């Protein structure tokens, strides 16, 4: 869930590439479920929205096309409301009237914006919902191929300050105090979409599903046989689907931020997509990736970006102080660190990595 340049998926913490590990027969069923006349489980549907491929797999033969159609409408509504690049969206209107007036938004949008600001406060600005000017300037993953001039980076930084994001709980209004500021919900809204989809499926009586929004995984309930889902954690140095370890989860979401999928090379140096709002440059620390495991995908989305920018030591402390939340950190020197609640759960599967106890 990361600050991306284009579309509502500004989520620079994307780069997760977590996949569900299943037996051979189950994997085959997944590949053919959408065409099966016998409703082989899981029954799935794929969508392209939020600038990514979304997959919803439901392990219940009662699922119907109308359910998948409604899920599509849920995502379209979120995109139409929160995509800052859509002229009629609520977020676009907030940005258009920056420095001028407050904008009344829906309760849903207000809730996400308020949550984003709470993460900014808690992380002392590492998580930054007004990061838009820097994301647009670097344009990593959207055509950017060289380091912007220092003067332009400094100018963009002057437009980034979550303290200038005014919220009014009574009127549900939002205002950016300075003209040129840009509210960007990409590091949190995709996770919110996963939560809304899961809530809808649960309301319809479904108990076992995998919701995958471009690598942000929500494992709803348990597998049909009541056993935990086994999730593979992407190896930062390998192709998509190559895992460095696994965890077992029930009713959890797993979201990763990493440096290895969207970047450019300039003067023989790699510049990845996770921008540090303090420096104006891609984050430079010991981390290759940070994975969050928790109960709500919106929080996992925001937190994975947050802890990546905090770095290993502060990121670990941040997670350990957060209830019902665990994390996996992978450093550039192939060491893997897990929080206390994962000590007996995470299983390292690649010899190139070292699990640090």
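If I ask for residues that are part of a strand (DSSP E or B) and touching a helix residue (DSSP H, G or I) at 6+ places or on another chain (Cβ under 6 Å), which ones from region 172-206 would you list? I'd like the intermediate steps shown before the answer.
So in region 172-206, the residues part of a strand (DSSP E or B) come out as 173-176.
174 - this is the single residue of region 172-206 that is part of a strand (DSSP E or B) and touching a helix residue (DSSP H, G or I) at 6+ places or on another chain (Cβ under 6 Å).
State all residues of region 141-156 that are under 13 Å from residue 282 (Cα atoms) and in a helix (DSSP H, G or I); if no residue qualifies, say none.
153, the sole residue that qualifies.
Suppose we filter 108, 124, 87, 101 for residues that are farther than 29 Å from residue 76 by Cα and surrounded by fewer than 21 Cβ atoms within 10 Å (Cβ to Cβ); which single one remains?
Details: 108 fails: farther than 29 Å from residue 76 by Cα; 87 fails: farther than 29 Å from residue 76 by Cα; 101 fails: farther than 29 Å from residue 76 by Cα.
The conditions single out 124.
Taking region 250-275, which residues are within 20 Å of the chain's Cα centre (by Cα), part of a strand (DSSP E or B) and surrounded by fewer than 19 Cβ atoms within 10 Å (Cβ to Cβ)? Steps first, please.
Narrowing region 250-275 to residues within 20 Å of the chain's Cα centre (by Cα): 250-263, 271-275.
After this cut, where a residue has to be part of a strand (DSSP E or B) as well, the list is 252-258, 263, 271-272, 275.
Result: 263, single match.
Is there a residue being under 19 Å from residue 262 (Cβ atoms) and more than 18 Å from the chain's Cα centre (by Cα) anywhere in region 117-133? Step through it out loud before you land on a result.
Residues of region 117-133 that are under 19 Å from residue 262 (Cβ atoms), as a first pass: 127-128, 131-133.
If we keep only those that are more than 18 Å from the chain's Cα centre (by Cα) too, we end up with 133.
Yes.
Looking at 74, 63 in this structure, which one is at pLDDT 95 or above and in a helix (DSSP H, G or I)?
Details: 63 fails: in a helix (DSSP H, G or I).
Within the list 74, 63, the selection yields 74.
Restricting attention to strands (runs of 3 or more DSSP E) lying wholly within region 287-357, give those where 2 or more residues are farther than 26 Å from residue 135 by Cβ. Before you say what the answer is, go through the steps one by one.
Details: elements: 287-294, 326-331, 335-338.
Those strands (runs of 3 or more DSSP E) span 335-338.
Taking region 144-160 only, how many residues are under 21 Å from the mean Cα position of the chain (by Cα) and surrounded by fewer than 18 Cβ atoms within 10 Å (Cβ to Cβ)?
Matching residues across region 144-160 total 0.
The values are calculated or read from the model by the stated rules, or taken from the named source; none is laboratory data. Note that this is a predicted model, so its numbers are computed, not measured. Neighbour counts run over all protein chains shown; Cβ positions are idealised from the backbone, glycine included.
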